[in-house]
Amino acid sequence: MDWRFPALLIGAMVLSIVLSLWQHRCYMTVLNAMAKANAGKALKLVSGRSKGRLRGAVVVLLVDPRRREVVDARAMVGSTIFSRLRPAPELLGPLATVGDRANDKHVHRAVDAALGMLPGSTGNAPVTADAPARPARIRIPRMQGTPS
């Protein structure tokens, strides 16, 4: 029995896990820096993602709901583990047209998903400044019965 193939397979899996954790750490570093730089302001930090067959996009938007505009935007577009959140100045500006300014279909879908996270939003509808803020609810599915 040859030991090289299982060793190579396990090595590739471990490398994949390490690189995924590295990408997640870089993502969280940028997210925390955005949140820390704008702490105390009445801004909302939302993110959305879009997955495709070969590539996808993740968008992080810092939105001022009173002025109804995006004040900071970052986008991660690509298909590899080396994709990073980079500034997306094309997404800055009025909230009503942010999806139209997206330069990629995956970014456009990710922007729609991010705007759907804003309190008082219903899909693609713009957020109003007087919309009541409700806390987001996360539903965790429960197992029915016991596994046999």
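The values are calculated or read from the model by the stated rules, or taken from the named source; none is laboratory data. It should be emphasised that the depicted structure is a prediction, and the values quoted were computed from it without experimental measurement. Positions of Cβ are generated from backbone atoms using ideal geometry, with glycine treated the same way; all protein chains shown enter the neighbour counts.
Values as computed for the structure displayed
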quantity: Candidates L85, L115, filtered to the one that is crowded, with 17+ Cβ neighbours inside 10 Å, within 27 Å of S16 (Cα to Cα) and modelled with pLDDT of 85 or more; calculated: L85
quantity: Sole exception among (1) in contact with an Asp or Glu (Cβ under 7 Å, 6 or more places away or on another chain); (2) modelled with pLDDT of 90 or more; (3) within 30 Å of V18 (Cα to Cα) for V77, by number; calculated: (2)
quantity: Residues of the range 35-57 classified as over 13 Å from the mean Cα position of the chain (by Cα), touching a residue at least 12 places away in the same chain (Cβ under 8 Å) and closer than 23 Å to D104 by Cα, total; calculated: 3
quantity: Residue match in the range 53-61 (condition: surrounded by 13 or more Cβ atoms within 10 Å (Cβ to Cβ) and assigned to a loop (DSSP other than H, G, I, E, B)); calculated: yes
quantity: Boolean, T128 is among the β-branched types (V, I, T) and modelled with pLDDT under 80; calculated: yes
quantity: Complete set of residues in the range 1-30 that are among the basic types (K, R) and over 20 Å from A75 (Cβ atoms); calculated: R4
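Here is a yes/no grid of residues against (1) modelled with pLDDT of 90 or more; (2) farther than 30 Å from A102 by Cα; (3) surrounded by fewer than 15 Cβ atoms within 10 Å (Cβ to Cβ):
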site: A12; (1), (2), (3): yes, yes, yes
site: L15; (1), (2), (3): yes, yes, yes
site: W22; (1), (2), (3): yes, no, yes
site: M28; (1), (2), (3): yes, no, yes
site: A37; (1), (2), (3): no, no, yes
site: K51; (1), (2), (3): no, no, yes
